[in-house]
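Here the structure is laid out as structure tokens; the discussion comes afterwards.
The values are calculated or read from the model by the stated rules, or taken from the named source; none is laboratory data. None of these values were measured; they are calculated from a predicted model. Neighbour counts are summed over all protein chains in view; Cβ atoms, including those assigned to glycine, are modelled from backbone coordinates with ideal geometry. Calculation scope for accessible area: heavy atoms of the full protein, side chains included, ligands and nucleic acids excluded. Shrake-Rupley method; radii C 1.70, N 1.55, O 1.52, S 1.80 Å.
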Amino acid sequence: MLFKHRNICGAVAFLVFSLCCAGCDKLDMQRTRDPVPLLTAEPEDCEAGTFGDYAFQLWSELNSAHTVLRAREMDLIDADPRWSRTLRETFESVQWEPVFTHDTDSPRLEAVLAAMDGLGAHGLKPEHYPVDGLKEAIAAFQSSATREAETLAELEQKTGWTELRPFVDRMDKPTMDEMNSLPEPVLRLDARDLEKMLAGVRRLSVARKDVASSKARVEVLATVACLKYIMDQRFRVAADPFHAQPDRDSAHEKFSQQLVETFGRFLADPAGTLASLPPTHPYYARVMKALETYRAMEADGPFPEVKIPVKYRVGMKTANVLAIKQRLAREGYFTGTIDESYDADLVAAVKKYQEYHGFETTGLLEPRHEKSLNVPLSDRIQQIELSLQRWRESAIRDGGELYVRVNIPEFMMEVWKGTERVFHNRVVVGNNKWGVDPTSEIEGKINRTKIFQANIVEIVINPRWNVPARVKKVELEYDLMSQPDYLLKNNYVVETLPDGREIVYQKSGEGNALGKIKFNFPNEYGIFMHDTNMKSFFKREIRAYSHGCVRLDDPVPVAKFLLAEASSVVPDSIDTYMEEEVEPKPRYIKLTTPVPIYMEYNSVGIGDDGLPMFFSDVYSYDRDYLDGKIPYSPEMLELLQRKITQPE
């Protein structure tokens, strides 16, 4: 019975299986016969729940992320009204395309980040730049990009995504024809598969919006950093007391075109363009090195304070000498034995210190040196940073073929041919006294040598001195009161012009205030450079005694050099003119090639050994800059910058 029962059950099971198989074959045959569900309308017009509707939803989700980047960039740009106009011009110049965040853009971003890391080396302030914000934006962008990649990888596992993506992951809407060109299995995806794909696309859209938002921050902040760096290195004027830009936050607007053009060059050559922005004059790199050195000194603590109550000389022993040696050793001047003895090594160190700080090089320390030795290290660092700023503003920031530079605080003149300094001579510059000009009815610091540039066009041998009206009124007439024959004794001539005006000039020859040589460079201040009959002033530490013109020590070799370089005159021929003993006459020699001359104010120089030289802030321009008084107010300008209407 049991065997019989099992046979019956098996027969029933076989019958059921046969019926199911027959039904399945019939269903497969039916599916094969169903037509492919092609779209009959554009995806955006398809009924809800259809393949075309899902395709349009996929596109809509992804397309919404495409618009985030520009919208976010515009929001960030508008959030900074001081830079918005220049930023818009910059972004428009690249059609709002990303220039820092594509895989191929890494050299640009690396160049900007390197420039930001090097701000301090140029004495620039990182707080003026979006340094931290940019680095945070880059980190956020990289993190969001990773999340996007992970989300996209998950989506690529969905059936049909690979085929659909080219038509839904783009700016243009998918079309009916494009959808109907898809493989049949994709067109036959059911609602459950399409819903899963849509959910994945929504996650991808959110991830991409995060990427776009962080990308926008990188693009805007990197652009801001780049433009500010270009501005500070090339166009910022902050230290010139008379031409400094009054508002740091709006000064760039005047240079928008130059900034955009330089940014364009940066895109083509990122590292090269940024490297070309700082001054190329040899002094600039040396001052940068000095800043690095003094910051390293600062890391070791402040300079020790010294006391110099009496004059110290060789052989003296005192605890103060020990402190002086420690102090000079900190700055690199003293390398001998540190003890209480004022020895030969200390004399050598003191002489070098004196030379590099504008003192007479006696090797002896006096109470008047104490103030200089006790200038805080932090002040010296500020002075070096200001020097770098002045070099960035300098008209000779990149040097030249042949030029003359007068550095007022140094009381020195230099002649440069290319990168070689040919001459380095002492000068006397304008005094810093309060002066009065009764002829023009003005008063103030009117004798200061002005900061300007001009071209030497003429060298005068045996010049005569046309006495300015104010000098005649204030000085000559005063001398005449005590010495009625003063004019005659000193070779002055009084002449009445046809219009009735009276002029006074001093004849050429011995005793002439202009000496044997005069360098003419037309300018609005009536300033020129000349020899002098008062040589003793060149021995003084502070050489600010003139009425504004520049008196040059040993001018003959300089004149001969310029004649050899910039004229057709045989240089030694001027010796004949200067040797005339009876009634020497002025000889005017035109230069065939004008030689630029620059009157500058920089209280830091660099010695041949690379150590910085600190000069007297003779006109207080350093102090006024650090006190926030520059640019000068109109009232200060009225006192400090007066036009000299008649030459010395």
Exercise for the section: Output yes when any residue across region 147-168 is within 17 Å of S213 (Cα to Cα), open to solvent by 30 Å² or more (accessible area, probe 1.4 Å) and among the small types (G, A, S), and no when none is. Expected result: yes
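Within region 63-107, restricting attention to residues that are of a type in the set (F, W, Y) and in contact with a Lys or Arg (Cβ under 7 Å, 6 or more places away or on another chain), which residue is farthest from A268 (Cα to Cα)? Don't jump to the end; show me each part of the working.
Taking region 63-107 first, the residues of a type in the set (F, W, Y) are 83, 91, 96, 100.
Those still in the list that are in contact with a Lys or Arg (Cβ under 7 Å, 6 or more places away or on another chain) too: 96, 100.
Working: W96: 16, F100: 12 Å.
Top of the filtered list is W96.
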Handout entry: One residue from F51, F56 being open to solvent by 30 Å² or more (accessible area, probe 1.4 Å) and either over 24 Å from T262 (Cα atoms) or modelled with pLDDT of 95 or more (or both)
Key = F56
Problem - Failed item, numbered, when Q326 is tested on (1) touching a residue at least 24 places away in the same chain (Cβ under 8 Å); (2) surrounded by 14 or more Cβ atoms within 10 Å (Cβ to Cβ); (3) over 15 Å from L611 (Cβ atoms) - result: (1)
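Considering only residues that are over 23 Å from the mean Cα position of the chain (by Cα) and either assigned to a helix (DSSP H, G or I) or modelled with pLDDT of 95 or more (or both), which ones fall in region 618-644?
The first filter runs over region 618-644 and keeps only residues over 23 Å from the mean Cα position of the chain (by Cα), leaving 618-620, 633-644.
If the condition is that a residue be over 23 Å from the mean Cα position of the chain (by Cα) and either assigned to a helix (DSSP H, G or I) or modelled with pLDDT of 95 or more (or both), then V618, Y619, S620, P634, E635, M636, L637, E638, L639, L640 are the ones that fit.
Quick check: anything in region 94-102 touching a His at 6+ places or on another chain (Cβ under 9 Å) and either small (G, A, S) or in contact (Cβ under 8 Å) with a residue 12 or more places away in the chain (or both)?
Let us first name the residues in region 94-102 that are touching a His at 6+ places or on another chain (Cβ under 9 Å), namely none.
Within region 94-102, not a single residue is touching a His at 6+ places or on another chain (Cβ under 9 Å) and either small (G, A, S) or in contact (Cβ under 8 Å) with a residue 12 or more places away in the chain (or both).
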Practice task
Could you figure out which of (1) out of contact with any Lys or Arg (no Cβ under 6 Å at 6 or more places or on another chain); (2) touching a residue at least 12 places away in the same chain (Cβ under 8 Å); (3) assigned to a helix (DSSP H, G or I) isn't true of V310?
Solution key: (3)
Practice task
Assess whether D339 counts as being touching a Leu at 6+ places or on another chain (Cβ under 9 Å), modelled with pLDDT of 95 or more and open to solvent by 20 Å² or more (accessible area, probe 1.4 Å).
Solution key: yes
Exercise for the section: Would you tally the residues in region 498-531 being surrounded by 17 or more Cβ atoms within 10 Å (Cβ to Cβ) and closer than 20 Å to V457 by Cα? Expected result: 16
Handout entry: Which listed residue is in contact (Cβ under 8 Å) with a residue 12 or more places away in the chain, in a helix (DSSP H, G or I) and surrounded by fewer than 21 Cβ atoms within 10 Å (Cβ to Cβ), from D177, D193
Key = D193
Problem - Sole exception among (1) in contact with a Gly (Cβ under 9 Å, 6 or more places away or on another chain); (2) at positive phi for D554, by number - result: (1)
Handout entry: helices (runs of 4 or more DSSP H) (entirely within region 315-398) containing at least 1 residues that are closer than 30 Å to F235 by Cα and touching a Ser or Thr at 6+ places or on another chain (Cβ under 8 Å)
Key = 377-393
Exercise for the section: Residues that are at pLDDT 95 or above and open to solvent by less than 20 Å² (accessible area, probe 1.4 Å): find the strands (runs of 3 or more DSSP E) completely inside region 405-468 holding 2 or more of those. Expected result: 412-417, 420-430, 452-461
Handout entry: Selection count where residues are farther than 11 Å from L134 by Cβ, touching a helix residue (DSSP H, G or I) at 6+ places or on another chain (Cβ under 7 Å) and open to solvent by less than 50 Å² (accessible area, probe 1.4 Å), scope region 95-107
Key = 4
Practice task
Report, by residue number, each residue of region 541-591 that is within 37 Å of the chain's Cα centre (by Cα) and either exposed (fewer than 12 other Cβ atoms within 10 Å of the Cβ) or of a type in the set (V, I, T) (or both).
Solution key: I542, V550, V558
Handout entry: Test for D247: is it open to solvent by 30 Å² or more (accessible area, probe 1.4 Å), at pLDDT below 95 and more than 21 Å from R397 (Cα to Cα)
Key = yes
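Against the condition closer than 25 Å to I77 by Cα and either open to solvent by 20 Å² or more (accessible area, probe 1.4 Å) or at pLDDT below 95 (or both), how does F303 come out, does it pass?
no
Could you check, for region 118-126, whether at least one of its residues is at positive phi, at pLDDT 95 or above and surrounded by 18 or more Cβ atoms within 10 Å (Cβ to Cβ)?
Taking region 118-126 first, the residues at positive phi are 123.
So of that shortlist, the ones also at pLDDT 95 or above come out as 123.
With surrounded by 18 or more Cβ atoms within 10 Å (Cβ to Cβ) added as a condition, the list becomes 123.
Scanning region 118-126, I find at least one residue that is at positive phi, at pLDDT 95 or above and surrounded by 18 or more Cβ atoms within 10 Å (Cβ to Cβ), so the answer is yes.
Is it the case, given these coordinates, that E298 is touching a residue at least 60 places away in the same chain (Cβ under 8 Å) and open to solvent by 30 Å² or more (accessible area, probe 1.4 Å)? Explain how you work it out, then say what you get.
Working: touching a residue at least 60 places away in the same chain (Cβ under 8 Å): yes; open to solvent by 30 Å² or more (accessible area, probe 1.4 Å): yes.
Taking the combined requirement at face value, the residue satisfies it.
Would you tally the residues in region 593-619 being free of Cβ contacts under 8 Å to residues at least 24 places away in the same chain and touching a strand residue (DSSP E or B) at 6+ places or on another chain (Cβ under 9 Å)?
Step one: filter region 593-619 for residues free of Cβ contacts under 8 Å to residues at least 24 places away in the same chain, giving 608-609.
Checking the rest, the ones that are also touching a strand residue (DSSP E or B) at 6+ places or on another chain (Cβ under 9 Å) come to none.
Residues flagged as free of Cβ contacts under 8 Å to residues at least 24 places away in the same chain and touching a strand residue (DSSP E or B) at 6+ places or on another chain (Cβ under 9 Å) within region 593-619 amount to 0.
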Exercise for the section: Output the qualifying pairs, or none if there are none: Cβ atoms under 8 angstrom, residues six or more apart or on different chains, first residue in region 489-506 and hydroxyl-bearing (S, T, Y), second residue loosely packed, with under 10 Cβ neighbours inside 10 Å. Expected result: Y505/E495
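Only one of L38, L69 is over 30 Å from V218 (Cβ atoms) and at pLDDT 90 or above. Can you tell me which? Spell out how you get there, then give the answer.
Values: L69 fails: over 30 Å from V218 (Cβ atoms).
Selected residue: L38, the only one of L38, L69 that is over 30 Å from V218 (Cβ atoms) and at pLDDT 90 or above.
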